[in-house]
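Note sheet for the following structure.
The values are calculated or read from the model by the stated rules, or taken from the named source; none is laboratory data. Please read these numbers as outputs of a predicted model, since none were measured by experiment. Neighbour counts are summed over all protein chains in view; Cβ atoms, including those assigned to glycine, are modelled from backbone coordinates with ideal geometry. Surface accessibility is based on the protein's heavy atoms, side chains included, excluding ligands, DNA and RNA. Shrake-Rupley method; radii C 1.70, N 1.55, O 1.52, S 1.80 Å.
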Amino acid sequence: MGDVRLEDSWKALLAPEFEQDYMKRLRAFLLQKKQEGRVIYPQGSLIFNALNQTAFDKVKVVILGQDPYHGPGQAHGLCFSVMPGTPKPPSLQNIFKEIEQDLGFAPSKSGCLLPWAEQGVLLLNAVLTVEHALAGSHQGKGWEMFTDRIVRLLNDQREHLVFMLWGSYAQKKGAIIDRHRHLVLEAPHPSPLSAHRGFFGTKHFSSANRYLVDNGISPINWQLTDNPSTS
């Protein structure tokens, strides 16, 4: 991880985590892989991109993913999102299909979700790094404890957030969320393997905006342009 660059509000909340033994072990693991010449995604400066793009007090919606993409030019620290110019993976294509059904917005050519992050959508993977071509290769190394802490902080210190939990993995991770304090939207994962079992037709995007507006919070514009910046 090197010298961690973290947005100030998150840094204040998460600084103690970097002194924990699990994080020291995780740092040593990543350093070892780097010394072995392994390719790790995303690049170091983008590992905490989700936090750096969406300050703690600006979060409105949380989408929980699992792993970063493990192909070149894809992962940039925002779950489900790919860098501009990269073909959209199947799960992201299905997310766009649901937005079109729900809100009538035609899918953008770009699969970069940075404009969502800039509006307050925390695009958080449970595991923040992965080795090239090895899906799940950094699971169980400590990232899950770190991101559990993020979810708990949001649950405890914020109110009226929307959590989108797609698939059993995200739902298990979100089990601690107080349903009286926040809106929790659950559905099967948007993967082609499961999207037809109930992801399509959930209308999570309009439901999220309705909840935000009902609680005096400005809604998210889910419509993407085709020229996002590349942070």
Residue within the stretch 60-83 that is part of a helix (DSSP H, G or I), modelled with pLDDT of 95 or more and touching a His at 6+ places or on another chain (Cβ under 8 Å) present: no
Counted residues, the stretch 213-231 - those being at pLDDT 95 or above and either touching a strand residue (DSSP E or B) at 6+ places or on another chain (Cβ under 8 Å) or open to solvent by 40 Å² or more (accessible area, probe 1.4 Å) (or both): 10
Scope the stretch 205-214; condition within 18 Å of THR54 (Cβ to Cβ) and not aromatic (Phe, Trp, Tyr); matching residues: ALA208, ASN209, LEU212
Residues located in the stretch 197-212, provided they are under 20 Å from GLY120 (Cα atoms) and either surrounded by fewer than 18 Cβ atoms within 10 Å (Cβ to Cβ) or basic (Lys, Arg) (or both): LYS203, SER206, SER207, ARG210
The stretch 137-165 - residue that is in a loop (DSSP other than H, G, I, E, B) and among the polar types (S, T, N, Q) and, of those, farthest from TYR69 (Cα to Cα): GLN139
Within the stretch 41-55, tally of residues that are assigned to a helix (DSSP H, G or I) and over 19 Å from ALA208 (Cβ atoms): 6
Condition check for ALA117: touching an Asp or Glu at 6+ places or on another chain (Cβ under 8 Å), of a type in the set (A, V, I, L, M) and either part of a helix (DSSP H, G or I) or surrounded by fewer than 19 Cβ atoms within 10 Å (Cβ to Cβ) (or both): no
Residue satisfying condition, being assigned to a loop (DSSP other than H, G, I, E, B) and within 16 Å of LYS97 (Cα to Cα), within set HIS189, HIS180: HIS189
Exclusive hit being among the polar types (S, T, N, Q) and either open to solvent by less than 30 Å² (accessible area, probe 1.4 Å) or more than 15 Å from the chain's Cα centre (by Cα) (or both), set GLN66, GLN53, GLN20: GLN20
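Right, SER194: under 23 Å from GLY111 (Cα atoms), touching an Asp or Glu at 6+ places or on another chain (Cβ under 9 Å) and either open to solvent by less than 50 Å² (accessible area, probe 1.4 Å) or of a type in the set (Asp, Glu) (or both) or not? Give the steps one after another, and end with the answer.
Values: under 23 Å from GLY111 (Cα atoms): yes; touching an Asp or Glu at 6+ places or on another chain (Cβ under 9 Å): no; either open to solvent by less than 50 Å² (accessible area, probe 1.4 Å) or of a type in the set (Asp, Glu) (or both): yes.
It is false that SER194 is under 23 Å from GLY111 (Cα atoms), touching an Asp or Glu at 6+ places or on another chain (Cβ under 9 Å) and either open to solvent by less than 50 Å² (accessible area, probe 1.4 Å) or of a type in the set (Asp, Glu) (or both).
Restricting the stretch 165-176 to residues that are in contact with a strand residue (DSSP E or B) (Cβ under 7 Å, 6 or more places away or on another chain) and surrounded by fewer than 22 Cβ atoms within 10 Å (Cβ to Cβ), which is nearest to PHE96 (Cα to Cα)? Full working, then the answer.
Taking the stretch 165-176 first, the residues in contact with a strand residue (DSSP E or B) (Cβ under 7 Å, 6 or more places away or on another chain) are 165-166, 170-171, 173-174.
From what's left, surrounded by fewer than 22 Cβ atoms within 10 Å (Cβ to Cβ): 171, 173-174.
On the way: GLN171: 21, LYS173: 24, GLY174: 23 Å.
Among them, the one singled out is GLN171.
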Unmet criterion (only one of (1) open to solvent by less than 40 Å² (accessible area, probe 1.4 Å); (2) under 25 Å from ALA175 (Cα atoms)) for PRO42: (2)
Residue list for the stretch 209-222, filter: assigned to a helix (DSSP H, G or I) and touching a Leu at 6+ places or on another chain (Cβ under 7 Å): TYR211
